[in-house]
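As structure tokens, the structure follows; a few thoughts come after it.
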Amino acid sequence: MVDQDVREQQLWAIDDTEEAVDEVERRKPYQNYLDAELGLRNHWYPALFGQELREGGTRGEMLLGERIYFKRAGGAVYAVEDRCRHRGAAFSAKPECYSQNTITCWLHGFTFDVRDGKLVQVITEPGSGAIGKINLKSYPVEERNGVVFVFIGDMDPPPPLAGDVQPKFWNPGLKFHPLMRHRINANWRISAENGYDAGHIYAHRNSAIVTELNIPLPLGTFSPKKEGVVVYDEEGPSPKGVVKLQGKDVQVWSADVEDQTVVAANIDDLDNPPEEGADIDVGLFMPCGLEVDWFPMPGMIHFEWYVPIDETSHMYIITQSKYCETEEEERAFHEECENWLGPLVWKQPNGQTDYPGDGPTWGFNNFDSFGREQLEHVYAKEDWWQEERLYRPDYIIVRWRMLVAKHMRGIQKRGALKRGNWANTDGWSPDGKGYSPRRAPGHW
Ligand code: FES
Ligand SMILES: [Fe+2]
């Protein structure tokens with residue numbers, strides 16, 4: 001039996017929504033979300049950075065359990081399934097291209113047009129009767145602000161990309177820098193929730209950026225019901241998301257533990273803490289993108305995504321942006337990202353998880369990843385989607401789950417190809433190391 005006070009805390013987190021919630025059936029308002037461990041079908045996802053594909057270059061990725069092969073041809077990026085229709089070899093295992101618009105399978109020479117997936121030649125049987133009769137699944141692709149997006153689903157034509165991207169991604173004057181792309185061993189939902197988890201900033205009190213920029217970071221924040229939260233929930237093609245207005249939050253600057261007082265980072269005078277938290281809006285948008293305006297400094301907007309690779313891992317991709325008026329400013333911004341920001345967001349602490357002194361600290365974002373990987377086991381294996389005991393700051397997380405459950409266009413499932421299900425790749429990759437972005441610590 002759950003203690004009644006704990007139950008009330010949980011209900012606090014969900015009772016302020018339009019949908020009535022049955023006290024006994026806590027799962028009810030977002031069961032779809034709980035079922036979507038492999039991601040949401042019929043949405044756009046970032047797949048990689050444009051700079052990773054030179055003209056003629058190819059690359060295999062696995063997203064939502066689907067093997068996808070990308071090629072840049074004539075400037076544009078195209079994507080088809082990474083599985084030859086002849087006998088199933090992966091193109092990415094040994095890339096071969098004889099012409100700008102084609103890819104050739106290294107095993108028997110089936111050659112497909114990468115723009116639409118059609119079989120156009122067979123090297124080992126020129127003029128084969130199979131030509132024009134079989135084709136690869138072809139994926140819609142759009143490249144914007146240095147990010148290559150791919151649509152994973154069946155809708156033809158696909159819905160507009162803008163409905164699946166954080167709204168400020170299109171702000172005029174922003175310049176973008178691809179910061180990093182890593183595989184993280186946690187379900188995508190754990191990480192999406194962590195990205196704007198109100199209470200988890202406690203864990204960042206010693207992160208390198210906080211220390212370096214001397215940011216007076218509260219121990220915790222939470223929004224009084226609704227006031228500090230904006231829900232983007234209109235019907236139609238506009239982006240769906242939940243934005244937390246940190247400037248309107250209740251800020252926690254200290255807490256007593258027996259005879260000890262725990263104080264927030266970079267606070268000189270506890271009797272006069274900042275009246276408000278920094279004016280930072282943190283928004284989580286469907287299908288899996290975070291927008292932080294501003295971060296880490298005013299004038300900069302930070303974008304990141306948690307794209308499912310499979311049920312237990314996702315791709316963590318970050319692009320940093322800044323308002324730049326001149327080419328000189330833009331050049332300086334790229335240099336700043338390469339030399340300063342990149343190393344600060346992804347920094348190893350030499351095995352230490354907490355450093356109250358002046359010692360080496362975690363980077364901001366690999367520390368988030370550390371936390372996400374720590375939660376993965378209990379959510380995957382011990383049903384903590386049900387066992388978790390939420391508290392008031394978790395309101396925004398519950399609000400996010402309900403929003404996703406309401407607006408998702410589908411749930412990605414594994415199953416047989418002939419039933420139109422493309423998410424068949426489980427535990428296999430061309431080189432035996434997993435379809436994955438760069439794993440090693442480092443930045444772009
Ligand atoms: S498996 Fe690709 S050509 Fe045979
Ligand atoms: Fe974080």
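Report every pair of residues separated by at least 6 positions or lying on different chains whose Cβ atoms are under 6 Å apart, first residue within region 107-122 and at positive phi, second surrounded by 20 or more Cβ atoms within 10 Å (Cβ to Cβ) and part of a strand (DSSP E or B).
Every condition considered, the pairs that remain are GLY117/VAL80.
Looking at region 212-229, can you tell me whether even one residue there is among the aromatic types (Phe, Trp, Tyr) and farther than 30 Å from ASP268 by Cβ?
No, every residue in region 212-229 fails to be among the aromatic types (Phe, Trp, Tyr) and farther than 30 Å from ASP268 by Cβ.
Taking region 405-433 on its own, how many of its residues are more than 18 Å from ALA90 (Cα to Cα) and either crowded, with 17+ Cβ neighbours inside 10 Å or at pLDDT 80 or above (or both)?
Here the count works out to 11.
Name every residue in region 86-99 that is under 32 Å from the mean Cα position of the chain (by Cα) and either more than 8 Å from ligand 1 (Cβ to nearest atom) or buried (at least 17 other Cβ atoms within 10 Å of the Cβ) (or both), in order of residue number.
ALA89, ALA90, PHE91, SER92, ALA93, LYS94, PRO95, GLU96, CYS97
Determine whether LYS322 is within 27 Å of GLN246 (Cβ to Cβ), crowded, with 17+ Cβ neighbours inside 10 Å and modelled with pLDDT of 95 or more.
Judged against the criteria, LYS322 is a match.
Of all residues in region 119-143, count the ones that are away from ligand 1 (no atom under 14 Å from the Cβ) and either among the acidic types (Asp, Glu) or within 24 Å of ARG41 (Cβ to Cβ) (or both).
Result for region 119-143: 7.
Looking at this structure, is ASP82 away from ligand 1 (no atom under 12 Å from the Cβ) and of a type in the set (Asp, Glu)?
Against the criterion (away from ligand 1 (no atom under 12 Å from the Cβ) and of a type in the set (Asp, Glu)), ASP82 does not qualify.
Sort out which residues of region 100-115 are more than 11 Å from ligand 1 (Cβ to nearest atom) and either within 24 Å of LEU64 (Cβ to Cβ) or not assigned by TED's automatic domain parsing to the domain that holds GLY65 (or both), and write them in order of number.
Residues satisfying the conditions are VAL114, ARG115.
This table checks each residue for (1) surrounded by 14 or more Cβ atoms within 10 Å (Cβ to Cβ); (2) part of a strand (DSSP E or B); (3) touching a Phe, Trp or Tyr at 6+ places or on another chain (Cβ under 8 Å).
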position	(1), (2), (3)
ILE209	yes, no, yes
GLU212	no, no, no
THR221	yes, yes, no
VAL231	yes, yes, no
GLU234	no, no, no
PRO237	no, no, no
VAL243	yes, yes, yes
ILE267	yes, no, yes
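Output the number of the condition that ASP259 fails; it satisfies all remaining conditions of (1) more than 20 Å from the chain's Cα centre (by Cα); (2) more than 14 Å from ligand 2 (Cβ to nearest atom); (3) farther than 20 Å from ASP394 by Cβ; (4) modelled with pLDDT under 90.
So the condition that ASP259 fails would be (4).
Can you find even one residue in region 63-81 that is outside the structural domain of THR319 (by TED's automatic domain parsing), over 28 Å from MET155 (Cβ atoms), in contact (Cβ under 8 Å) with a residue 40 or more places away in the chain and over 21 Å from the mean Cα position of the chain (by Cα)?
No - not one qualifying residue is present in region 63-81.
Among the strands (runs of 3 or more DSSP E) confined wholly to region 68-161, which include 3 or more residues that are not polar (S, T, N, Q)?
76-81, 110-113, 119-122, 141-144, 147-152
Please work out which one of (1) buried (at least 24 other Cβ atoms within 10 Å of the Cβ); (2) assigned to a loop (DSSP other than H, G, I, E, B) is the condition MET315 fails and give its number.
So the condition that MET315 fails would be (2).
The values are calculated or read from the model by the stated rules, or taken from the named source; none is laboratory data. All of these numbers come straight from a predicted model, not from anything done at the bench. Note that we place each Cβ from the backbone using ideal geometry, even for glycine, and neighbour counts take in every protein chain shown.
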